[in-house]
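One structure follows; several queries about it will come next.
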């Protein structure tokens, strides 16, 4: 078990230090308005570039004021829709924003987009967003509430890792994958319901969620990773699910209380 845990920890550590720059593969092809794919342009405090769909994505944010600021991401720039929040987009101003408004034009939030935004307390992700990338909200240590998109299909690896004040999350009935370490060390999280749509939960998805009291699985047939709830309080956490499933086997193998729902 110790060897397995060490390997998992090493893998997640590697995830946390991966680069935050999204490479463009379009090779600088010309598009409308004489803007080339890969060009970084400015709109107020925002940096933006062309994404694979030919729309715009926010690629950076430059704000260094003494007072923390609520950010309103534009729905369009010069008539072209903003459909993405790029990799590491807010890393330059991570300590300077305490709120964000994401418009319904946005369809994806890329890896590490809001990583380390330590003053961010609440996020509402519009229903237009179908995927949240790896580490997108990792170490947002003040994040207390997140409203996930009703069309979301993927919660990326380490997506909310280290969000220690996150107390409640509703996983939408459209989610298929909860990534490795997705809620690792979310110590204020008290309950979680896994909808029937989920087919895969990655290793250590809820590792060290020490405040977790109930975990209910509505999905019977799913691939369950290793040490999913390890580090949680075995005296308190109750795992509920169908009999003779991977959930029951996990609970039994690791000494957690199991109830048939």
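How many residues are modelled with pLDDT of 95 or more and crowded, with 20+ Cβ neighbours inside 10 Å if we restrict to region 209-221?
4
This table checks each residue for (1) in contact (Cβ under 8 Å) with a residue 40 or more places away in the chain; (2) outside any loop (DSSP other than H, G, I, E, B); (3) within 19 Å of residue 162 (Cα to Cα).
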residue	(1), (2), (3)
48	no, yes, no
60	no, yes, no
104	no, no, no
117	no, no, yes
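Considering 119, 94, which residue is touching a strand residue (DSSP E or B) at 6+ places or on another chain (Cβ under 7 Å) and either surrounded by 15 or more Cβ atoms within 10 Å (Cβ to Cβ) or more than 30 Å from residue 195 (Cα to Cα) (or both)?
On the way: 94 fails: touching a strand residue (DSSP E or B) at 6+ places or on another chain (Cβ under 7 Å).
So the residue among 119, 94 that is touching a strand residue (DSSP E or B) at 6+ places or on another chain (Cβ under 7 Å) and either surrounded by 15 or more Cβ atoms within 10 Å (Cβ to Cβ) or more than 30 Å from residue 195 (Cα to Cα) (or both) is 119.
Would you be able to say whether some residue in region 218-240 is over 22 Å from residue 143 (Cβ atoms), free of Cβ contacts under 8 Å to residues at least 12 places away in the same chain and not in a helix (DSSP H, G or I)?
yes
Another question, if that's okay. Let me confirm something: among 157, 139, 127, which residue is in contact with a helix residue (DSSP H, G or I) (Cβ under 7 Å, 6 or more places away or on another chain) and in a loop (DSSP other than H, G, I, E, B)?
It is 157.
Conditions tested, residue by residue: (1) in contact with a helix residue (DSSP H, G or I) (Cβ under 8 Å, 6 or more places away or on another chain); (2) at pLDDT below 95; (3) not in a loop (DSSP other than H, G, I, E, B).
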| residue | (1), (2), (3) |
| --- | --- |
| 21 | no, yes, no |
| 38 | no, yes, no |
| 74 | no, no, no |
| 81 | no, no, yes |
| 112 | no, no, no |
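So, in region 180-196, how many residues would count as being free of Cβ contacts under 8 Å to residues at least 60 places away in the same chain, buried (at least 17 other Cβ atoms within 10 Å of the Cβ) and out of contact with any strand residue (DSSP E or B) (no Cβ under 6 Å at 6 or more places or on another chain)?
Count: 5.
Next question, about the same structure. When only residues in region 155-179 that are touching a strand residue (DSSP E or B) at 6+ places or on another chain (Cβ under 8 Å), surrounded by fewer than 19 Cβ atoms within 10 Å (Cβ to Cβ) and more than 16 Å from residue 125 (Cα to Cα) count, which is modelled with the lowest pLDDT?
167
The values are calculated or read from the model by the stated rules, or taken from the named source; none is laboratory data. Remember, it's a predicted structure, so these values are computed and weren't measured experimentally. A quick note on method: Cβ atoms are made from the backbone with ideal geometry, for glycine too, and the neighbour counts reach across all protein chains shown.
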